[in-house]
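A.B. asks: Just dropping this structure here.
The values are calculated or read from the model by the stated rules, or taken from the named source; none is laboratory data. The structure presented is a predicted model; accordingly, all values stated were derived computationally and were not measured. Cβ placement follows ideal geometry from the backbone for every residue including glycine, while neighbour counts extend to all protein chains displayed.
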Amino acid sequence: MSKQQETTLLVPGARGWEIWKQSSAGGFALQSADGPARASDLANIPGGHLVMLFPVRGMHAMPFKASSSDESLFEDLAGMHAERLGVRADPMAGQLSDTFVVTKDEETATLLCVVLKSPGDGDLPPRSPKEFDISPRSYAVQGEKIAVWKEFDRWVFAFYRGGKLLYSQATSSTAPAPDASCLREIQLALGQMAIQGLALRPELIHVWSPEGDAGDAGSLATELGIPAKVSPRPEPSLAEPRSKLLPADVRAARRAARQRAQKMAAAAAVLLAYLGVAGWFGFGLWKDHRKIKELNAEAEQIAPKAEIANYEEHLQLWNELDPVVNKDKYPVEIMFRVAKAIPMGSGLRLKTAEITGGDIRLVGEAKEPAPISTFDLNLKKSSYGLSHYTWETPPASNSSKGWDFQFNGTLAEK
């Protein structure tokens, strides 16, 4: 294989970006580890075919069951599924979405819709890659398993079915080993899969520790009831089928825009000089005037008014994603905290729980007033994660069946 055909992978590592170079044996060998956290700061990238793997934190993974096995409908079905979840790819930032088939039978299919977050400053390398993919697809995992590893000092995890990626998510845990916080986020994700009819029955948990075989499975060793295997992270590879992801290089566009703006400023300065001696440089003034028109046309192509309006609409739509990406408004997380605040064995039960944006409405009953008072106090304690809500907790009312209550909570900053 010639040097021009060799492939280089940019892989998100445990502490920074890694560079993997294709070896003569056909696989990939680690060339540089623990690089910078910003892809734009990468240096000494080898020539040839460059492929970048986006980290888990830079994407949304949305698996679902499709009611059709017609592959021509998969893209449209994935787009509608993402829309229902409030996730939209930025239309001004290139091809940020792709759909992968996990399983397929005669009438239905399990699909994974992936939407990348719009790359910001520092998210793309100095040299534009020819291909893009997501890191969880690059690791070979057989059967139905869970894999946990670190990217940029945060634990991330992925679910695999039949050796194909089903779901992936970044956690908030930065502990040396997977801790209780990491465990809880995995359990919540497993619960969400079951609610969608995609229940996972993993045979094994791979813990790919930065310390290799000497690492620790932490809270995952016994809490999930599944064997955990600690080992180094496997070598990455190019997944098939190849991804269609192709984000636009926003930095390059901005750089070109600055250069064109500088040209326009220079042309304007020349024009002013020519106006002072119009009689001497009439023909030159006409040429510069034509050049200014050309530059203005280029400026309109770079940032037309319609695209600016579309970008402002995009920002407004992104703000609408707050209930999905903000854990203080995410209904599953809020319901989990409310359930923790109910006194154990008290007989208190909820009849209605409405969670909308930053508002919570809880209606329930208990045989005695004491559990209701305890529940009231727990909702306002910081240890239960709901103290940042402003709670209206009027006294419980007595009825023939016991005591009824209605509590309302409002997030201070919606």
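A.B. asks: Can you pull out every residue in the range 354-366 that is surrounded by 13 or more Cβ atoms within 10 Å (Cβ to Cβ) and on the phi < 0 side of the Ramachandran plot?
C.D. replies: Answer for the range 354-366, where residues must be surrounded by 13 or more Cβ atoms within 10 Å (Cβ to Cβ) and on the phi < 0 side of the Ramachandran plot: Ile355, Gly358, Asp359, Ile360, Arg361, Leu362, Val363, Gly364, Glu365, Ala366.
A.B. asks: Could you pull out every one of the strands (runs of 3 or more DSSP E) wholly within the range 350-414 that has 2 or more residues that are more than 18 Å from Val332 (Cα to Cα) and not small (Gly, Ala, Ser)?
C.D. replies: Passing ranges, in order: 389-392, 402-411.
A.B. asks: Further question on the same structure: Determine which member of the set Ser138, Ser172 is within 15 Å of the chain's Cα centre (by Cα) and among the small types (Gly, Ala, Ser).
C.D. replies: None of the others qualify; the one that does is Ser172.
To keep it simple, each residue is scored yes or no on (1) modelled with pLDDT of 95 or more; (2) crowded, with 16+ Cβ neighbours inside 10 Å; (3) more than 15 Å from Val141 (Cα to Cα).
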site	(1), (2), (3)
Gly197	no, no, yes
Arg201	no, no, no
Val207	yes, yes, no
Gly215	no, yes, yes
Ser219	no, yes, yes
Thr222	no, no, yes
Arg233	yes, yes, no
Pro236	yes, yes, no
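A.B. asks: When only residues in the range 327-353 that are in contact (Cβ under 8 Å) with a residue 24 or more places away in the chain and over 22 Å from His388 (Cβ atoms) count, which is surrounded by the most Cβ atoms within 10 Å (Cβ to Cβ)?
C.D. replies: That would be Leu348.
A.B. asks: Looking at the structure I just gave you, is Ala61 crowded, with 19+ Cβ neighbours inside 10 Å and modelled with pLDDT under 95?
C.D. replies: No.
A.B. asks: So which residues in the range 113-138 are more than 15 Å from Asp41 (Cα to Cα) and hydroxyl-bearing (Ser, Thr, Tyr)?
C.D. replies: Ser118, Ser135, Ser138
A.B. asks: Quickly run through the range 138-196 and pick out the residues that are under 15 Å from Ser209 (Cα atoms), in a strand (DSSP E or B) and touching a Leu at 6+ places or on another chain (Cβ under 7 Å).
C.D. replies: Val148, Ala158
A.B. asks: Among Lys21, Lys65, which is assigned to a strand (DSSP E or B) and farther than 26 Å from Gln169 by Cα?
C.D. replies: It is Lys21.
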